[in-house]
Amino acid sequence: MTAMFVNLPVTDLDRAKSFYTAIGFTINPLFTDHNAACVVVEEDHSAFMLLTRDFFQTFSDRPIGDPSKTVSVSTAIFLDSRDEVDTAVADGIAAGGSEAQPASDYGFMYQRQLTDPDGNILEFGYMDPAAAKEGPEAFTNQQA
């Protein structure tokens, strides 16, 4: 089985868990303790590991960046509809997140950026199924 885990340093683990559950994800209690929480994005495929900054530091000798000051990664999560994108971002803002930029609408693809309370950037998006399968031109050809 191939799975992806994105490790994110957080300053307040309980706040981070509340934020990520508010935007529709679940916590896997089997991999959650006082140092970390496993946030399931897609069952058996992808998850965030929210790690306290001290625990995160045990994985590297290099200093941990501060995502509230400098961006080093943006994680894109594509959903099944534009409405789901809008709902996820609205729920995230209500849970303490922020949206620094307006939505991007490319016709075949729609994206909104949500920043969590620690400064980590999530990009929620929707892509037209034809464009996802055959490229943006397939969407354009549908519209003609």
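Miscellaneous remarks
- Applying a threshold of 6 Å to beta carbon distances and a minimum spacing of six or more residues, or different chains, the list of pairs starting in the stretch 1-28 at a residue that is touching a residue at least 24 places away in the same chain (Cβ under 8 Å) and ending at one that is open to solvent by less than 80 Å² (accessible area, probe 1.4 Å) and acidic (Asp, Glu) reads Val10/Asp118; Thr11/Asp118; Phe19/Asp116; Ala22/Asp91; Ile23/Asp91.
- In a residue-by-residue description of the stretch 81-97, the property of being outside any helix (DSSP H, G or I) and in contact with a Ser or Thr (Cβ under 7 Å, 6 or more places away or on another chain) applies to at least one position.
- Scanning the stretch 19-57 for residues that are surrounded by fewer than 15 Cβ atoms within 10 Å (Cβ to Cβ) and either touching a Pro at 6+ places or on another chain (Cβ under 8 Å) or not in a loop (DSSP other than H, G, I, E, B) (or both) turns up Thr26, Asn28, Pro29, Leu30, Phe31, Glu42, Arg53, Asp54, Gln57.
- Condition broken by Glu123, with the remaining ones in (1) under 23 Å from Ala3 (Cα atoms); (2) part of a loop (DSSP other than H, G, I, E, B); (3) at pLDDT 95 or above satisfied: (2)
- Single condition Val71 does not satisfy, out of (1) modelled with pLDDT of 90 or more; (2) hydrophobic (A, V, I, L, M, F, W, C); (3) open to solvent by 40 Å² or more (accessible area, probe 1.4 Å): (1)
- Residue list for the stretch 92-131, restricted to those being among the aliphatic types (A, V, I, L, M), under 20 Å from Pro67 (Cβ atoms) and open to solvent by 40 Å² or more (accessible area, probe 1.4 Å): Ile93, Ala100
The values are calculated or read from the model by the stated rules, or taken from the named source; none is laboratory data. Everything numeric in this text was worked out from a predicted model, so none of it was measured. FYI the Cβ positions are ideal-geometry reconstructions off the backbone, even for glycines, and counts take in every protein chain you see. Calculation scope for accessible area: heavy atoms of the full protein, side chains included, ligands and nucleic acids excluded. Shrake-Rupley method; radii C 1.70, N 1.55, O 1.52, S 1.80 Å.
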